[in-house]
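**Q** Right, I'll just put the structure down here and ask away after.
The values are calculated or read from the model by the stated rules, or taken from the named source; none is laboratory data. These numbers were taken from a predicted model, which means no experiment stands behind them. Cβ placement follows ideal geometry from the backbone for every residue including glycine, while neighbour counts extend to all protein chains displayed.
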Amino acid sequence: MISLFVLVTLITSSIAIGLQYYHSKEMAREQARTKYEMMAESVSDAVTDVSDDAIITVKYLSHLGTILHSPSKDVILSIFTNVLKDNPSFYSAFIGTDKNYAYIVINLDSISDVRRKNNALKQDRWLVVERSADSDGIKQYDYFYDADFNLRKKIQRKAFYAPTLRSWYKNAKRGSVFRSEPYLFLPEEVTGITYSTVVPTDKGKVVVGVDFTLSHFNKLLQENNVSDGSHNFLYLPSGELVASSEPSFGQLPLPPSKPLVLTPEEQKLIDDTRILRVSNKDNWAPIDFTISGRPAGLIPDLLYMVSQSTGLEFDFFNSVGSKGLRNAYSNGVLDILTAVPDVPTNQNLGAFSQPLFKSPFAIAVADNQNYENLQDLNGKRLALLSNWSIISLIKEKYPLIDIVTYSHVEQALRAVSKGEVDAFIDAQAVLSYVSEQFMINDLSYHALNIENDLTLSLVLPPEKKALLNIINRAIASLTPLQKQYLQQKWLGSNAEVNRTGVVPYVELIDFAADEAYQNQLIEMNSDDDDFFYYVRDVRRGGHDQIFFASIVPKSSVYAASEEKIRTSIYGSALLLLVLLPLAGLCAKPIVRPILQLREENKKVKQHRYDDVSVIPSRIKEIHELSASTYKVAESLKEHEKRQEEFVESFIQLIAQAIDDKSPYTAGHCNRVPEIALMFADEVEKSQQGQFAEFRFNNDAERREFRIAAWLHDCGKITTPEHIVDKGTKLEANYNRIHEVRMRFEVLWRDAEVDYYQHIIDNPEDQKQAMDTLNQTQKQLQEDFAFIANANVGGEFMSDDHIARIREIADKTWLRHFDDHLGLSPLEELKASAKSETLPVEEHLLSDKPEHRIERINELHFDPAFGIKVQVPELQYNLGEIYNLTIKRGTLTPEDRFKINEHMISTIKMLESLPFPDDLARVPRYASTHHETMKGTGYPRRLSAEDLSIPERILVIADIFEALTAADRPYKKAKPLSVAIDILYKMALDEHIDMELFKLFLSSGVYKQYAEKYLPAKQIDKVDIAKYLIPQNKQTSSV
């Protein structure tokens, strides 16, 4: 009743809460979409305002041509600082002329790090950089002004600012405003964009402009963030990142370079060398590229290392295309060309450095086509990078290939992905890096068989050969740590692809390409995607397309609705708490007997059948159920009694079968449980060490252990009796020493026959013949005695004794009867088929082929049993020499395996029986008494950590009984003291548990058993004290 009430209440509450949850989530999503739409509007305004303000300001400055040519720099400073004050997002304002004169005013309040990078102080407000070129050379001065335009410091530095080389100067035109791509501002090393135009004047080309840094947009995105945990981005349709609310990924510092040892002439050359202008491609990752205008890649990093070691300074130019870079080098504008393929068509460019990068070509395909060489691409559309030097070579050798050029690797890969071209060729490192950088995952890459690898070098004009030699030496002196850094960062299979310049979510690129996904919260159907995506094009008017995206955690969107749901749940729970006591009061007459009946059922589960009683109740159904439970308990009690009697009878049946087969084994099977149970009782009483926690939880567990002890050798029922009882080496089904003795008897008679024949033929040599007879018969007596003694197998057999057995075996006797007569069908199959003429000379002892008993069936063990044994090739080897030369005991390796196999039989027999739960460990307990603490036992090679205390007890019980048993045909019973000493040595050898052995002695179990089962003459005095002292003390006393 109470359960039904609770169930109905819970269902009603769940439906109400579910409806509220659904509508709350819908409202939360709509509110979040509205918030991000407003944020996108704000960002759109800011992006548009910055661009519009920059354009208006540049146009305004261009109309001040006359003023800008004022001889007073104070006028220009005043104009520029007023512009920067009115537009705090601007980084700097500048003017540049065709005479390479430049005047730049930098707002030191524009970004947080600009003061540190320019070595300015906190009180400095403006930094003026003035660069001029005259007959005395190029000069550059930096002026630091405070807010009141007081000059604090003036310094001269190396000029690394050449206006006429910059893209904003080259591309500026009168009447229009040019906007540059992002590039690196030097020397501040910040990335930004420049707006510039030409000033109307008749005094040459004069360009005026303003700069702002991309960090302005980063700050804008951070300030407009509407929820914790969201990530905001501004990016281009290709995925190239313009700004992000996330902190920039920090680059690992370059490993330090060792200063290059320079000659005085080389040092002077470096001191006199201006900053070297170096080409920098913007689209060839990871070799040479840019990330938001900042040089990156293998070659820029390598040149940074060269700069550290030599003192040379490099200024990277990445504001013009690849063709423009080469033209700038040819015109002397650039000092160094980077990443130049070392091919014949490029040799006229200048002096080549040692190779910086060498790689085989690879090909990218979309359809898993296996193009192995360029010949396979005939008739196909092949994408290549523009202005590659190998284009002409391919066109010349393979005119049937349709070559399509692209300016960016990413563009070429996407063309392959879309099916616009069939393949794209580049270095393997480039293909794998860019595809991961831009998350192009549907292409496959493999090596292409082209005659020459791609080899890249630096190129300098011939007149700079001395500088090139220094650079080559610096490259050659790179440390192993620096080489490893470059390899792992840019070229290794685990290279960390730097996605600083790309949006980190491929979905944003897809959403930008499809208007259906824009201006709404997109929820991806993925278990591991816990975010909403919002994308919107924030361009206005004629501006270039640019996208705003926000990645917002679902938990942030649903926080408010989840709070309402929690409130509903708490209210429903409170209502239930109020109503439950009333329901409980009404349900007591029903609940109380049901609970009592449950307790009776627990008693049945715990096999406490005698404690089960009938529950009185006025409810008829409950009373009948209780009476039925009582009857079930009585029936189960009787059933389990019969089951236990069956198990006991079954065990007695197995023991009787073993007894009928071998009385020796039967005695062992009866005595081991006695020792084990005596010992287990003492271990339970012990409070020492590891035994303090050991207890059998109930009589069922104790019975389980006792049954396992009875059955521990049940597998011996499968062991042949002649193996179990093998008391001599030659014993099989009988002791074959009698056959051997009969052969000696034959040789004895042969000696006598030889004697009589000799004196008949030579009557005068009777005495000599008698001496020979006596000597021969004496030798036969000694040889047989030796063979008979070896057959007993009591002591260790030395190599000398083994040699003597083989020497005796070489003696021969004559067989006059056919040994193929009277054989069984099986023996006839094994007998040799060769014909022989009687009499036949036989060896006194031999190992014959028929002595080798092959296995009829190959042995296989269930992996679940965990059996780890080495199986001999033969089932038995009855060879006479083979058996007589056993070094210790009477068993061959085959015999030993057959005896040990009884453990495998035990496992198979017991594991196949459906033991009840309270006897489930019987197979395990019964099959581990031949394991050792150090893992050398059999059949599973278990070690100490695998063996429980009951299993260790059975190990000691089994060994002790075997040592003291007097009914074994192959050994004499050991006195009690000797048995204990052997056990101790086995404990030292980690065969048995040392602590259990000590408890075996200190508890007196050994003596209790001996007095009950051993004859008095076998029980001698045992000094247990010497075994109980700590092992290290005993060792030192010896």
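**Q** Among residues belonging to the range 386-414 that are within 19 Å of Lys281 (Cβ to Cβ), over 35 Å from the mean Cα position of the chain (by Cα) and hydrophobic (A, V, I, L, M, F, W, C), point out the one that is surrounded by the most Cβ atoms within 10 Å (Cβ to Cβ).
**A** Ala412
**Q** I would also like to ask the following. Tell me yes or no: at least one residue of the range 612-630 is closer than 26 Å to Gln643 by Cβ and surrounded by fewer than 11 Cβ atoms within 10 Å (Cβ to Cβ).
**A** no
**Q** Filtering the range 764-788 down to residues that are under 26 Å from Asn883 (Cβ atoms) and among the hydrophobic types (A, V, I, L, M, F, W, C), which residue is surrounded by the fewest Cβ atoms within 10 Å (Cβ to Cβ)?
**A** Looking at the filtered set, the residue picked out is Ala785.
**Q** Here's something else I'd like to know. Just to verify a result, which residue in the range 728-747, among those that are among the hydrophobic types (A, V, I, L, M, F, W, C) and out of contact with any strand residue (DSSP E or B) (no Cβ under 7 Å at 6 or more places or on another chain), is surrounded by the most Cβ atoms within 10 Å (Cβ to Cβ)?
**A** It comes out as Leu730.
**Q** Okay, moving on. I need a count of the residues in the range 344-375 that are farther than 30 Å from Val306 by Cα and surrounded by fewer than 16 Cβ atoms within 10 Å (Cβ to Cβ).
**A** The total comes to 7.
**Q** Inspect all residues belonging to the range 161-171 and state whether any of them is under 22 Å from Thr194 (Cβ atoms), at pLDDT 85 or above, of a type in the set (S, T, N, Q) and surrounded by 14 or more Cβ atoms within 10 Å (Cβ to Cβ).
**A** For the range 161-171, residues under 22 Å from Thr194 (Cβ atoms), at pLDDT 85 or above, of a type in the set (S, T, N, Q) and surrounded by 14 or more Cβ atoms within 10 Å (Cβ to Cβ): present.
**Q** Here's something else I'd like to know. Scan Phe915, Phe897 and give me the residue that is within 20 Å of Arg702 (Cα to Cα) and modelled with pLDDT under 85.
**A** Answer to the check: Phe915.
**Q** Next question. With the condition kept exactly as written, say whether any residue in the range 936-944 is over 39 Å from the mean Cα position of the chain (by Cα) and either within 28 Å of Asp681 (Cα to Cα) or hydroxyl-bearing (Ser, Thr, Tyr) (or both).
**A** No, that holds for no residue.
**Q** Kindly provide the set of residues from the range 99-133 that are of a type in the set (Asp, Glu), at pLDDT 85 or above and part of a loop (DSSP other than H, G, I, E, B), ordered by number.
**A** Hit for the range 99-133 is Asp109, nothing else.
**Q** What is the number of the single condition among (1) touching a strand residue (DSSP E or B) at 6+ places or on another chain (Cβ under 9 Å); (2) not assigned by TED's automatic domain parsing to the domain that holds Pro344 that Glu436 does not meet?
**A** Result: Glu436 fails condition (1) only.
**Q** Between Leu303, Leu269, which is out of contact with any His (no Cβ under 9 Å at 6 or more places or on another chain), surrounded by 22 or more Cβ atoms within 10 Å (Cβ to Cβ) and modelled with pLDDT of 85 or more?
**A** Leu303
**Q** Would you check if there is a residue in the range 283-290 being touching a residue at least 24 places away in the same chain (Cβ under 8 Å), in contact with a Lys or Arg (Cβ under 8 Å, 6 or more places away or on another chain), over 23 Å from Leu384 (Cα atoms) and acidic (Asp, Glu)?
**A** no
**Q** Follow-up. Out of the residues in the range 924-946 that are aliphatic (A, V, I, L, M) and surrounded by fewer than 23 Cβ atoms within 10 Å (Cβ to Cβ), state the one that is farthest from Cys714 (Cα to Cα).
**A** The qualifying residue farthest from Cys714 (Cα to Cα) is Ala944.
**Q** Pick out, from the range 375-457, the helices (runs of 4 or more DSSP H) lying fully within it that include 2 or more residues that are in contact (Cβ under 8 Å) with a residue 60 or more places away in the chain.
**A** 409-418, 428-437
**Q** So which residues in the range 457-484 are touching a helix residue (DSSP H, G or I) at 6+ places or on another chain (Cβ under 8 Å) and at pLDDT below 90?
**A** Gln482
**Q** While we're here: Taking the range 895-923, which residues are aromatic (Phe, Trp, Tyr) and either more than 30 Å from Tyr876 (Cα to Cα) or not in a helix (DSSP H, G or I) (or both)?
**A** Phe915
**Q** From (1) hydrophobic (A, V, I, L, M, F, W, C); (2) part of a helix (DSSP H, G or I); (3) over 41 Å from the mean Cα position of the chain (by Cα), pick out the condition that doesn't hold for Ile886.
**A** So the condition that Ile886 fails would be (2).
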